[in-house]
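Dumping the structure here so I can ask a few things about it.
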Amino acid sequence: MKRIIVITIMLLAAIGLNSCDKTEVNEWTRFYGYTKNDIVGHYTPNPDESVYPELPTNGVQVYRNATIDITDLGPEQNLVQLHIVIPDVINKTFSGVLYSNENESDLAFHNFNNEDILMTVYKNKQNQVRLHGRERRCGSDISGDLIDCALHGFDVVKTSNSSNSK
């Protein structure tokens, strides 16, 4: 009888311990229809490195020390300025019009020096905003085709609504 009780208790304990294991859930979802007010602000490195895999593009090195500031360039327009810093790697500014609609969760800017930045905008249940993407700098050959691209990945979370809090 004692043996049956001990076995029953062990089975119940094993079931209880297994039910305590929580499956990792991705708390971030694509933020469709973001506005300029949603993305303007200061972003610091995402502290949770374990949940998010590397970017799927070959050759992208993800830098876990990137910061981004997005500044509103005019209340009458959808102009913004994005400043990305990866210490000892890049310190670059992009400006442009923010095109956003209810079906859009990506953000992209480019300049005339064969440089661009592409990122996906995410949001979690706490209304935090996260940017995950890459900056790209390419050379071009005589015919104007892009060659020798350097890709710098990043994963940052908005920490304030002001780009002045560095």
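The values are calculated or read from the model by the stated rules, or taken from the named source; none is laboratory data. In this text, all values refer to a predicted model and were calculated from it rather than measured experimentally. Because the Cβ atoms are built from the backbone with ideal geometry, glycine has one as well, and the counts that use them run over all protein chains shown. What goes into the accessible areas is simple: the full protein's heavy atoms, side chains included, and nothing from ligands, DNA or RNA. Shrake-Rupley method; radii C 1.70, N 1.55, O 1.52, S 1.80 Å.
Given (1) part of a strand (DSSP E or B); (2) open to solvent by 70 Å² or more (accessible area, probe 1.4 Å); (3) at pLDDT 85 or above; (4) not basic (Lys, Arg), where does Asp88 come up short, assuming only one miss?
(1)
Quick one: would you say Asp48 is modelled with pLDDT under 95, open to solvent by 80 Å² or more (accessible area, probe 1.4 Å) and not small (Gly, Ala, Ser)?
It is false that Asp48 is modelled with pLDDT under 95, open to solvent by 80 Å² or more (accessible area, probe 1.4 Å) and not small (Gly, Ala, Ser).
Run Asn91 past the list (1) in contact (Cβ under 8 Å) with a residue 12 or more places away in the chain; (2) within 18 Å of Gly133 (Cβ to Cβ) and report the number of the one that doesn't hold.
Going through the list (1) in contact (Cβ under 8 Å) with a residue 12 or more places away in the chain; (2) within 18 Å of Gly133 (Cβ to Cβ), Asn91 breaks only (1).
Moving on. Please name all residue pairs, on different chains or six or more residues apart, with Cβ atoms under 6 Å, provided the first residue is in the range 146-157 and is modelled with pLDDT under 85 and the second residue is part of a strand (DSSP E or B).
Filtered contacts from the range 146-157: Leu146/Cys138; Leu146/Ser140; Ile147/Gly139; Asp148/Gly139; Cys149/Arg136; Cys149/Cys138.
Across the range 95-146, what is the total count of residues that are in a strand (DSSP E or B), open to solvent by 60 Å² or more (accessible area, probe 1.4 Å), among the aliphatic types (A, V, I, L, M) and more than 15 Å from Val80 (Cα to Cα)?
Number of matching residues: 1.
If you don't mind, there's one more thing I want to ask. Can you pull out every residue in the range 61-71 that is modelled with pLDDT under 95 and surrounded by 17 or more Cβ atoms within 10 Å (Cβ to Cβ)?
Correct list: Val62, Tyr63.
Which of the numbered conditions does Leu151 fail, given that it passes all the others? Conditions: (1) open to solvent by 20 Å² or more (accessible area, probe 1.4 Å); (2) in a strand (DSSP E or B); (3) over 18 Å from Pro45 (Cα atoms).
The single condition Leu151 does not satisfy is (3).
Can you find a residue in the range 120-136 that is touching a residue at least 12 places away in the same chain (Cβ under 8 Å), among the small types (Gly, Ala, Ser), out of contact with any Gly (no Cβ under 9 Å at 6 or more places or on another chain) and farther than 17 Å from Thr35 by Cβ?
No, that holds for no residue.
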